[in-house]
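Right, one structure below, let's go through it.
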Amino acid sequence: MRKAVIILPTYNEVGAIEQVITEIYRITKENKNWEVHVLVVDSNSQDGTQEKVLKLIKKLPRLTLLQTEKKGLGKAYVQGFQQTLERINPYLIFEMDADLSHDPKKIPEFLKQIENGADFVIGSRYIKGGSIPNNWGIHRKIFSVGANLVIRFGFMKPQITDWTSGFRAIKSWLIKKAIPHIKNYSGYVFQVAILDFAIKHKAHISEIPIQFKDRIHGKSKINSIQYIIQTFLYVFLNSSFIKFALVGVIGFIIDFGISFLFIEKLKYAVWLSTLLSTETAIVSNFLLNNFWSFSHKRLEPRLSVYLPNFLKFNFVSSGSVLIQTLGVQLAVNLFGRKLWYIYKILIIIFIIIPYSYILYNKFIWKEK
């Protein structure tokens, strides 16, 4: 029988904690494949949450309380992970809210996905069958949906629909590897960080639909402004796609600068100047992408590896030039010459960058 631990981080959740815990035990008691434990990580609640849990511990098996200082959701989870791995060493660890927002009845579906081979199961509000509360204000809906869209496309992983969900099941091997990375993050950006780590370490990710409910008891702990800033900063600093786009901007500056120098100042032939500037930018882009954008899967430092991949890089870059040339000409023919620079910018943003990013990942910086 495999062991699973459900971690419930709490801070002033006395109104809901007993119902959540008793429902978890009711739902999982008949499962013959899993021995389910519950760990409550309480961040120094002042409303009697700890006392409530201590009373339940006397009645329920495999229920534990970990008392911690209030340092945010991420820190609470990391401490819970560490204690769980040291004392129980489970096969699976759950993340779950303790305020009745997450329905314990979904737990068997998570376990089924794990049994079917998933390493990381997300309870998604944004796939068919999932939902967010109808009574949420428009600003909160925009905040939730918009943040997930930014993260999905910032990491170029649109197939994962809910990056910020707090209802998850994760295999312990993955959490063990992730702790040195995720321990640096507090608050809700922790959720983005651990999922990003899992993807980069080739974990099999799956999603099940959940109907997220608004809390009935207590107050939300989300600091919206802080969360937005931390999340966007994490995506900016850790997304290979955003780094790739920045490398493209650097390449453009190099290309334009060298062309200007050789054509305007040194009076070289236009074709030769263009050839030199373009190839210099390509070399720059290749090296920056290898050592920065795709540093987690950089090429082996051998000529036999670098040379063929550099030639592939040149080939893909040539395709980008061809697409851009034909696209701008087509747009000019259809809509007129006056706004050619707008067409060029739009083609670069919406066609060239995704095209190049996908092909570079597929043929050059492939998953190892």
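The values are calculated or read from the model by the stated rules, or taken from the named source; none is laboratory data. Just so it is clear, the model here is predicted, and its values are computed rather than measured. A quick note on method: Cβ atoms are made from the backbone with ideal geometry, for glycine too, and the neighbour counts reach across all protein chains shown.
If you go through segment 146-173 one residue at a time, how many are aliphatic (A, V, I, L, M) and farther than 25 Å from residue 358 by Cβ?
Selection size over segment 146-173: 2.
For residues that are exposed (fewer than 15 other Cβ atoms within 10 Å of the Cβ) and part of a loop (DSSP other than H, G, I, E, B), tally how many sit in segment 85-120.
Summing the residues that are exposed (fewer than 15 other Cβ atoms within 10 Å of the Cβ) and part of a loop (DSSP other than H, G, I, E, B) in segment 85-120 gives 3.
Just one of (1) under 13 Å from residue 360 (Cβ atoms); (2) in contact (Cβ under 8 Å) with a residue 40 or more places away in the chain; (3) aromatic (Phe, Trp, Tyr) trips up residue 315, so point out which.
Only one criterion is unmet by residue 315, namely (2).
Being more than 27 Å from residue 19 (Cβ to Cβ) and at pLDDT 90 or above narrows it down to one residue among 98, 118, 169, 147; which is it?
Only one candidate passes the filter, namely 118.
Restricting attention to segment 232-261, which residues are part of a helix (DSSP H, G or I) and under 16 Å from residue 193 (Cβ atoms)?
Those that are part of a helix (DSSP H, G or I) and under 16 Å from residue 193 (Cβ atoms): 232, 233, 234, 235, 236, 237, 238, 240, 242.
Looking only at segment 121-144, count how many residues are at pLDDT 85 or above, of a type in the set (A, V, I, L, M) and more than 17 Å from residue 205 (Cβ to Cβ).
Qualifying residue count, segment 121-144: 1.
Per-residue answers, yes or no, for (1) surrounded by 19 or more Cβ atoms within 10 Å (Cβ to Cβ); (2) farther than 21 Å from residue 115 by Cα; (3) touching a Gly at 6+ places or on another chain (Cβ under 8 Å):
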residue: 137; (1), (2), (3): no, yes, no
residue: 148; (1), (2), (3): yes, yes, no
residue: 155; (1), (2), (3): yes, yes, no
residue: 160; (1), (2), (3): yes, no, no
residue: 163; (1), (2), (3): yes, yes, no
residue: 171; (1), (2), (3): yes, no, no
residue: 176; (1), (2), (3): no, no, no
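State which residue pairs qualify: first residue without any contact (Cβ under 8 Å) to a residue 24 or more places away in the chain and inside segment 239-263, second residue of a type in the set (S, T, N, Q) and buried (at least 17 other Cβ atoms within 10 Å of the Cβ) in any location, beta carbons under 6 Å apart, and separation of 6 or more residues or different chains.
Every condition considered, the pairs that remain are 258/277; 259/273; 259/277; 262/273; 263/273.
Looking at 362, 344, which one is more than 20 Å from residue 250 (Cβ to Cβ), among the basic types (Lys, Arg) and out of contact with any Phe, Trp or Tyr (no Cβ under 6 Å at 6 or more places or on another chain)?
The unique qualifying residue is 362.
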